[in-house]
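Structure, as C-alpha cells:
The values are calculated or read from the model by the stated rules, or taken from the named source; none is laboratory data. Keep in mind it's a predicted model, so treat the numbers as computed, not measured. Here the Cβ is made from the backbone with ideal geometry for all residues, glycine too, and neighbour counts use every protein chain on show. Quick note on the areas: whole protein, heavy atoms, side chains included, nothing else; ligands and nucleic acids left out. Shrake-Rupley method; radii C 1.70, N 1.55, O 1.52, S 1.80 Å.
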Amino acid sequence: MIAVLCGGVGAARLLRAWQERTSEELVGIVNVGDDTEMHGLNICPDLDSITYHLSGQHNEELGWGLRDESWRTMSRLELLGGETWFRLGDLDLATHLYRTGRLRAGATKSEVTREITARLGVTITLRPVSDDRLETRFATEIGELSFQEYFVRHRHSVPVQRIWFDGADRARPAPGVLDALRDARRVVVAPSNPLVSIDPLLEVTGVREVLSERGDAIAISPLIDGRALKGPADRLMRELGLEVNAVGVARHYAPWLGTMVIDHQDASLRSLVGATGCDVVVAGTLLDDPAQVDELVAAIG
Ligand code: FO1
C-alpha cells in the first residue's frame, strides 16, 4: 500500500495518474484546513476536488467543481441579496447537502467521505486527515481571514504575515490515518502547497512523528523553476521568508523528509537540495504529460 499526503488538484492528478499505472492500493490522506461552512452547508474542497477527479467528473476549465455544472441556484441567491462570492454549482450543491445532512445525523467526515466516494465509484481510499475541526487561518494586511476568504474572496492577492491552523492542538487523526502512514510501503507527499495543503496535515497529532520515525517520505516539489503551476505557493513562500524554489521546500520538510523529487528544469539545484539532508531524484513532474508521469511513477514507485 502507498500512502499519499494530499492537498487538492495536484494530489488528485497524481493519484489518478498513479492508479492507472499500478495495481497496488493507494490511500490518500487529505487536507481539511480549507473546509468551510457556507449557507449552513459543510464544504470540503480538497476531498471533493480529489473525489471529482478520480470519478472523472471534475471541471477542467474551472479547476474546481463538477463538469457540466449550472449556476441557477447562485443566480437566484444573488437576486435575493445572498452571499455569492463562493460559488456553489447546482450539481456540486448535492454533495454539500448530502454531507451536511449526514454530519448533522452524527456521521463523521471519514464516514461521509467513504459513502460519497463509494457512490461515485472511486476505488482509491480517501481519508480526511482528521474528523475534528482544523481551520487554516491567515493574518494579513487587511486583518484575519479564513482560507476561503483569502483564497477565493481576495483571490490570494492579499499579503500574508502569518498562517496558523485553528484547532490543530486538539485535532486527532481520523481512523486509519496513522496506521496507513505506518504500514505503507511508501509515503509520498503530493506536489501540493507546502504551507497551506501539507502543513495542516502535519499539525494533526502523530502525523509528523510517524513521518519522522520512518524518515523515508518522498516529496514531489510543487515548484518548478521557482514557480507554482497553480495557486499561491510561490507567493506565500516569498511572503513568509522561505527560499522560493525546491531548496526552500526541501528545507521546510527537512525534519522528516527522506527524498525530494525535483523537476528536470531544476536539475542545477540538485546539490543544494541534497545539502538540506535528503536524497534527491530528478524526474519529470508535469502531471499532464503522460511521458513525464511514467518517469515520475517509476522514480517514486
Ligand atoms: N474556487 C474559486 O476560485 N472560486 C469559487 O467560487 C470556488 C467555489 C468552490 C465551491 C466548492 C468547492 O469544493 C471548491 C470551490 N472552489 C472555488 C475551489 C476551492 O476553494 C480552492 O481551489 C481550494 O480550496 C484550494 O485547494
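For the reader, a short list of remarks on this structure follows.
- Going through (1) within 10 Å of the ligand (Cβ to nearest atom); (2) in a loop (DSSP other than H, G, I, E, B); (3) under 16 Å from the mean Cα position of the chain (by Cα) one by one, Thr84 falls short only on (3).
- Among the numbered conditions (1) of a type in the set (A, V, I, L, M); (2) away from the ligand (no atom under 14 Å from the Cβ); (3) loosely packed, with under 14 Cβ neighbours inside 10 Å, the only one that Ala107 does not meet is (3).
- Among (1) within 9 Å of the ligand (Cβ to nearest atom); (2) open to solvent by less than 20 Å² (accessible area, probe 1.4 Å); (3) under 25 Å from Phe165 (Cβ atoms) - the single one Thr100 does not satisfy: (1)
- Strands (runs of 3 or more DSSP E) (entirely within region 140-194) containing at least 1 residues that are crowded, with 20+ Cβ neighbours inside 10 Å: 160-166, 186-189
- Looking only at residues of region 215-229 that are part of a loop (DSSP other than H, G, I, E, B) and at pLDDT 95 or above, we find that the one that is nearest to the chain's Cα centre (by Cα) is Pro222.
- Test result for Asp90, within 19 Å of Ser146 (Cβ to Cβ) and either within 14 Å of the ligand (Cβ to nearest atom) or aliphatic (A, V, I, L, M) (or both): no
- Hits in region 291-301 (condition: without any contact (Cβ under 8 Å) to a residue 40 or more places away in the chain and over 17 Å from Leu223 (Cβ atoms)): Ala291, Glu295, Ala298, Ala299
- Where a residue in region 31-53 is under 12 Å from Phe147 (Cβ atoms) and part of a helix (DSSP H, G or I) and its partner, wherever it lies, is more than 9 Å from the ligand (Cβ to nearest atom) and modelled with pLDDT of 95 or more, with Cβ under 6 Å and at least six apart: Asp46/Val30
- Identity of the residue in region 62-81, more than 12 Å from the ligand (Cβ to nearest atom) and either within 22 Å of Phe147 (Cβ to Cβ) or within 21 Å of the chain's Cα centre (by Cα) (or both), that ends up most open to solvent (accessible area, probe 1.4 Å): Arg67
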